[in-house]
DNA sequence: GCCAACGTTGGC
DNA sequence: GCCAACGTTGGC
């Protein structure tokens, strides 16, 4: 089998809901509640264990990248879609044909310094980044160079694997 | 398969 | 709280 090139991602979370500190405490967390087909497809088809992920805080002040996570599992059915008491319950989803998939995320690092959206927008190094152009996706791909630049600005100690 | 209506996201 | 952008739904 051909060796896969590592890929890079960004996930959003409202810190009131689930923050980087929550992930630091939990260590590992099923990334449930994603109810957007393109986001699901990325998790199901494109992510692989070991891929690095930027952790972004949305709907807060200020917004921006606050940490690094790592994909820690293959995709599997999101259990919240079957839970009638969950706000993520989906009546159209069945055990045979689950509609929503997720992966587990594992804590890697909280950035020494948050990288704010303002900075990202202002820096030409980030031209073309999905976060800037089609910002609403809650799971999105990140180019290697953009990922590396975030790590630099955030003072990260995380090492990006060589190709 | 089009597209209008509607719902959600998320920055400001 | 506003509203623009965008995704989803459903009638035709």
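The values are calculated or read from the model by the stated rules, or taken from the named source; none is laboratory data. These numbers were taken from a predicted model, which means no experiment stands behind them. Reconstructed Cβ throughout: ideal geometry from the backbone, glycine too, with neighbour counts over all protein chains shown.
Applying the set (1) under 25 Å from residue A:157 (Cβ atoms); (2) in a helix (DSSP H, G or I) to residue A:121 leaves exactly one unmet item: (1).
Of the residues A:53, A:65, A:34, the single one that is within 11 Å of residue A:108 (Cα to Cα) and crowded, with 19+ Cβ neighbours inside 10 Å is A:53. Only one entry of A:63, A:34 meets the criterion of being under 25 Å from residue A:121 (Cβ atoms) and in contact (Cβ under 8 Å) with a residue 60 or more places away in the chain, and that entry is A:34. Counting the residues of segment A:117-163 that are over 25 Å from residue A:4 (Cα atoms), touching a strand residue (DSSP E or B) at 6+ places or on another chain (Cβ under 6 Å) and buried (at least 17 other Cβ atoms within 10 Å of the Cβ) gives 3.
Yes or no, residue by residue, for (1) more than 14 Å from DNA strand C (Cβ to nearest atom); (2) assigned to a loop (DSSP other than H, G, I, E, B); (3) within 22 Å of residue A:59 (Cβ to Cβ):
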{"position": "A:105", "(1), (2), (3)": "yes, no, yes"}
{"position": "A:125", "(1), (2), (3)": "yes, no, no"}
{"position": "A:128", "(1), (2), (3)": "no, yes, no"}
{"position": "A:132", "(1), (2), (3)": "no, no, yes"}
{"position": "A:137", "(1), (2), (3)": "no, yes, yes"}
{"position": "A:147", "(1), (2), (3)": "yes, no, no"}
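Can you tell me which residue in segment A:71-95 is surrounded by the fewest Cβ atoms within 10 Å (Cβ to Cβ), limited to those that are under 19 Å from the mean Cα position of the chain (by Cα) and part of a loop (DSSP other than H, G, I, E, B)? This residue is A:74. A Cβ distance below 9 Å, combined with a sequence gap of six or more or placement on separate chains, defines the contacts here; from segment A:120-138, residues that are within 13 Å of DNA strand B (Cβ to nearest atom) reach residues that are modelled with pLDDT under 90 and in a helix (DSSP H, G or I) in the pairs A:120/A:131; A:120/A:132; A:121/A:131; A:121/A:132; A:137/A:130; A:137/A:131.
Residues that are in contact with a helix residue (DSSP H, G or I) (Cβ under 8 Å, 6 or more places away or on another chain), in contact (Cβ under 8 Å) with a residue 60 or more places away in the chain and within 16 Å of DNA strand C (Cβ to nearest atom): does segment A:43-58 have at least one?
Let us first name the residues in segment A:43-58 that are in contact with a helix residue (DSSP H, G or I) (Cβ under 8 Å, 6 or more places away or on another chain), namely A:52, A:54-57.
Going one step further and asking which of them are in contact (Cβ under 8 Å) with a residue 60 or more places away in the chain, we end up with A:52, A:54, A:56.
Filter once more, keeping what is within 16 Å of DNA strand C (Cβ to nearest atom): none.
No, there is no match, as no residue in segment A:43-58 is in contact with a helix residue (DSSP H, G or I) (Cβ under 8 Å, 6 or more places away or on another chain), in contact (Cβ under 8 Å) with a residue 60 or more places away in the chain and within 16 Å of DNA strand C (Cβ to nearest atom).
Here residue A:81 does not qualify as at pLDDT below 95 and more than 16 Å from DNA strand C (Cβ to nearest atom). Can you name the condition, by its number, that residue A:62 falls short on among (1) within 16 Å of DNA strand B (Cβ to nearest atom); (2) farther than 24 Å from residue A:149 by Cβ? Single failed check for residue A:62: (2).
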